[in-house]
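Below is one structure; the comments refer to it alone.
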Amino acid sequence: MAAPEIDRLIQVLSRLPGFGPRSARRAALSLIKRKESALLPLIDALQGAADHVRNCSQCGNLDGTDPCGICTDERRDAATLCVVADVADLWALERTGAYKGRYHVLGGVLSALDGIGPEQLNLGSLFRRIEGGGVKEVVLALGATVDGQTTAHFLSDRLQPFGLAVSRLAHGVPVGGELDYLDDGTLIQALQARQSV
Amino acid sequence: MDWQDQGFVLAARRHGESDAILTVLTREHGRHLGIVKGGTGRRQRAVVEVGNAVMAHWHARLSEHLGRFQVELGTPHAALCMADPARLAALSAACATLDAALPEREPHEDVFDDFAALVEQLSRKAVDWPTQYVRWEARLLSSLGFGLDLSQCAVTGEREGLAYVSPKTGRAVTVEAGKLHKDRLLPLPSFLIQGHVKPSRDELVAGLRLTGYFLDRHVFAHAIKPGATEARARLIERLAAK
């Protein structure tokens, strides 16, 4: 029988992704045992995030400042805009270090099953940014799923009147992937997007 | 309880960290749900894409349980349609329509076979797939018990000159008989009564609006899932712009 405070901590932790009731108990116990070195810094970090982290009003990214660090970075190419579904996708692209343009986070993708339409996505600010001028290319970095590609097609239609270059990420064989182990869908996409060498 | 059947993925919803609740249209067991362990993981995500043909193995201790699916990819229809916005919209709309329209665990072999034929046409880029799609919706309405009667005029009994459909009864009306009420009647595109006619873009859209009216009224109005109407709207927009 644990104290109500510990029960509450376990309950809150178990709602986090990657945690179940057992792992939440282990984490709670570890935090309580290491109060000075783990629990208090965690409280401090959580408070800091709650107080300062917010969505960028321009691109939808999460950052401690608004506009975010990427939007205000003068070294980045303002003529290229990469549209992603979620902040996690933005982070994934940033990890590569291969993209030096700016981003726009939609906050999801169109989904017939979940009833997510264009109104639920961060589209108004995307079109305002483009209307504002300066953008020459839009890269649609959306998932190779039915919903992701439906969103990509929808956006490419809506962006047509602006006369921009619109591109999307390639689909196909991943680095280190052997053809024998690939699913048929990926192989079909790879064949359709083959390039001359 | 244990069975194996061929099917099509109609919907896949994330469940917890890595699992998915899958809705599959099977031939002998109808629209059936089940959990796919690791369904949103790297290995299975491509299999459980909407529209894909799969071999589904369902297992549960009791028949009333949700049960578990193990699915093996048959034809990757989603990947085959992905590059073409119109065919992708059609695949998405057809799956959302069936997901909203069909009751759970009630086999409809005719609906399954008809859907299989439609998906095949979409995948192999059949030239007349938009026509087939509208006809498929009209046949689906019939299978659900809300079929349109386009054989003769509801007022005069004539078989020639049919140009409207009554929104109340779903029966055809001739130009002459519908003259006074044509604002309230739904336009009937000729390709729905004459098999050989190649429809124009406007006729295709009129056909989708006609079937859509009755789907909205009889099927989607009572469905819990709101997505089918939106998916159809996107398809209509695509075909209108094509």
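The values are calculated or read from the model by the stated rules, or taken from the named source; none is laboratory data. Note that this is a predicted model, so its numbers are computed, not measured. We place every Cβ from the backbone using ideal geometry, glycine too, and count neighbours over all the protein chains shown. Only protein heavy atoms, including side chains, enter the accessible area calculation; ligands, DNA and RNA are left aside. Shrake-Rupley method; radii C 1.70, N 1.55, O 1.52, S 1.80 Å.
In this calculation the C-beta distance from A:Phe127 to A:Thr96 is compared with R0 = 35 Å, giving a FRET efficiency of 0.80. With just the Cα atoms defining each centre, how far is segment B:139-162 from segment A:94-162? Give it in Å. Computed from Cα coordinates, the inter-centre distance equals 44 Å.
Could you name the lysines in cross-link range of A:Lys100, using Cα to Cα under 18 Å and dropping any fewer than eight places away on the same chain? Cross-link targets: A:Lys136. For a straight C-alpha distance cut-off of 27 angstrom, the lysines reachable from B:Lys37 (same-chain residues fewer than eight places away being disregarded) are B:Lys225.
Residue separation of B:Asp149 and B:Ala83 scaled by 0.36 nm, minus their Cα-Cα distance, works out to 20.1 nm of gained length.
Taking the longest Cα principal axis of chain B as reference, the axis of helix B:201-214 is set at about 70 degrees.
Per-residue counts of other Cβ atoms within 10 Å, averaged by peptide: what ranking do you get for B:86-95, B:111-120, A:166-175, highest first?
On the way: B:86-95: 26.3, B:111-120: 18.6, A:166-175: 14.3.
In descending order of packing, they fall as B:86-95, B:111-120, A:166-175.
When Rg and the Kirkwood radius Rh are both evaluated on Cα atoms of chain A, their ratio Rg/Rh stands at 1.06.
Evaluate E = 1/(1 + (r/R0)^6) for B:Lys179 and B:Ala221, where r is the Cβ-Cβ distance and R0 equals 25 Å; express this FRET efficiency to the nearest 0.05. Write out the running numbers ahead of the final one.
Numbers: r = 30 Å, r/R0 = 1.20.
Once the sixth-power term is evaluated, E becomes 0.25.
Please give me, ordered by residue number, the trypsin sites (Lys or Arg not before Pro) of segment A:1-66 that lie in loop per DSSP and have at most 11 other Cβ atoms within 10 Å.
Values: sites: A:Arg8, A:Arg15, A:Arg22, A:Arg25, A:Arg26, A:Lys33, A:Arg34, A:Lys35, A:Arg54; in loops: A:Arg15, A:Arg34.
Sites meeting the loop and neighbour criteria: A:Arg15.
The alpha carbon centroids of segment B:73-132 and segment B:190-242 are separated by 14 Å. Figure legend: label point modelled 7 angstrom from the Cα of A:Ile43 along Cα→Cβ; residues of segment A:6-37 with amide N under 18 Å from it are A:6-13, A:27-37.
Here the protein assembly as shown carries DSSP beta bridges of which approximately 70% are antiparallel, counting only pairs with both residues inside. Note that segment B:166-181 has calculated 3J(HN,Hα) couplings of 6, x, 7, 9, x, 9, 6, 9, 6, 4, 4, 5, x, 3, 6, 10 Hz, one per residue in order, obtained from phi through the Karplus relation 6.51 cos²θ - 1.76 cosθ + 1.60 (θ = phi - 60°); glycine and proline are x. The tail of the calculated P(r) for segment B:1-160, taken as Cα-Cα distances beyond 26 Å, holds 30 percent of the pairs. Interface A-B: total buried accessible area of about 2200 Å², 1.4 Å probe, protein heavy atoms only. Straight Cα distances below 16 angstrom link B:Lys168 to the aspartates and glutamates B:Asp149, B:Asp183, B:Asp216, with same-chain residues fewer than 8 positions distant left out. To the nearest ten degrees, helix B:129-143 and the longest principal axis of the Cα atoms of chain B are 90 degrees apart. For segment B:78-241, taking the reciprocal of the average inverse distance between every pair of different Cα atoms yields a Kirkwood hydrodynamic radius of 16.3 Å. 3J(HN,Hα) along segment B:109-119: 5, 5, 5, 4, 4, 5, 5, 4, 5, 5, 4 Hz, from the Karplus curve 6.51 cos²θ - 1.76 cosθ + 1.60 with θ = phi - 60°, whole Hz, x for Gly and Pro.
Rounded to the nearest 20, the size of the Cβ-charge dipole of the protein assembly as shown about its Cα centre is 560 debye, with Lys and Arg at +1 and Asp and Glu at -1.
Placing a label point 7 Å from the Cα of B:Glu104 along the Cα-to-Cβ direction, the residues of segment B:60-98 with a backbone N closer than 17 Å are B:60-70, B:98. Rolling a 1.4 angstrom probe over the protein heavy atoms with all chains in place gives segment B:108-177 an accessible area of 47 Å² per residue. Placing a pseudo-label 7 Å from each Cα along the Cα-to-Cβ vector at A:Glu5 and B:Met55 gives an inter-label distance of 5.9 nm.
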